[in-house]
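Undergrad: Before anything else, here's the structure in question.
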Amino acid sequence: MLRVVVLGAAAGGGVPQWNCGCPVCRAARTEHPELRSTQASIAISADGDHWYLMNASPDLRQQLIATPQLHPRAGKLRHSPICGVILTNGEIDAIAGLLSMREGWPYTIYAHPKVLSILEANSIFNVLSEKNVRRLPIEVDKTFEPDLPDGSPSGIEILSFAVPGKSAWYLEGEVLPSGKDSTGDTIGLRISDKATGRYFCFLAACAAVDDDVKSRLAGAPLIFFDGTVWRDDELVAAGLGNKTGQDMGHIAMSGDHGAIHSLAGLGIGRKIFLHINNSNPALLTDSAEREIAERAGWQFPVDGTEIVL
Ligand SMILES: [Zn+2]
């Protein structure tokens, strides 16, 4: 049995974002507090006792307080059920939460060598001493099984695969120690319960649905998929920024090449948008955009939602 908890569903900045007065952020601050959402991350467990995070958002501390499954077990002076963090990219909203996990509890960071090189190049992450926090590389197109603190297998098998994307925006124009190759900037994960064979796919960032992405997601019982923007030029049109979804490495929900259209008819069991930006009108439950997405079978999670596979 695979348990999945949505710790946060929002894109960078969260909902509401500290400096934003867009309709969604205004509503979330005032008459619709249920719209509030922390930055995207999920937690998974095969046994209910040991948990792994998919990305560590800047809101991690708040998310851990709000999630009883991730609290220290009763009677232990120092404890965390978190055994590892799997990073799918090097964006701030995927890695900054690591800095809230620095108080001497052992765990393992799993990430593509490119993302590991970002952590290595930023000395602030040295606060995670190698003695306590192992850093293990993820190889694309190879499965791995995270281990438990005692070295035994977790029962969770993870396959990572490259998806269309781009490098972290704060690194734009920079050349990393690992070079200019874009492989590993953005990865998707297929996460399976070894005991049952049930699985789901996790793509918190994806710039386009190509044939490879389609074939990997076809028939999946559950997917979490990039829901950053409704339309590609949404931030520009709303006067909120000068970048399109594509500029940021994110596909739009709508349009002929958008996620809703591209992932229709693939026999996917349950489709959940994640990493939803506060500019996205589909966040408003009474919007036309929300209706279109829901009619196409897409769901919008609230923080804390637990799914059992
Ligand atoms: Zn906003």
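Undergrad: Sticking with the crude label model, points 7 Å out along Cα→Cβ, report the distance from residue 140 to residue 36 in nm, one decimal please.
TA: 3.9 nm
Undergrad: In addition: When the Debye formula is applied to the Cα atoms of the range 48-111, each taken as the same point scatterer, what base-10 log of I(q)/I(0) results at q = 0.13, 0.23 Å⁻¹?
TA: Per q value, in the given order, log10 I(q)/I(0) is -0.32, -1.01.
Undergrad: To two decimal places, what compactness ratio does the range 40-156 give when its Cα radius of gyration is scaled by 2.2 N^0.38 Å?
TA: Taking N as the residue count of the range 40-156, the ratio is 1.00.
Undergrad: Below 8 Å, C-alpha to C-alpha, sequence gap of six or more: please give me the relative contact order for the chain in percent.
TA: Once divided by the residue count of the chain, the mean separation gives 19 percent.
Undergrad: Something else: Ratio of the chain's C-alpha Rg to 2.2 N^0.38 Å, to two decimals?
TA: Its radius of gyration relative to the 2.2 N^0.38 Å reference: 0.94.
Undergrad: Also, quick follow-up: When DSSP beta bridges are limited to those with both residues in the chain, what percentage is antiparallel, rounded to the nearest 5?
TA: Just about 50 percent of them are antiparallel.
Undergrad: log10 I(q)/I(0), Debye, Cα-only the range 184-309, no solvent, q = 0.09, 0.21, 0.23 Å⁻¹?
TA: These q points yield log10 I(q)/I(0) values of -0.24, -1.28, -1.49.
Undergrad: Taking trypsin sites (Lys or Arg not before Pro) as exposed when DSSP calls them loop (any state but H, G, I, E, B) and at most 10 other Cβ atoms lie within 10 Å, what is the longest stretch of the chain free of them, the sites themselves excluded?
TA: My reading of the result: 181-309 is the longest stretch.
Throughout, read-outs are computed from the coordinates displayed, never taken from laboratory work. The structure displayed is predicted, hence computed values, not measured ones. FYI the Cβ positions are ideal-geometry reconstructions off the backbone, even for glycines, and counts take in every protein chain you see.
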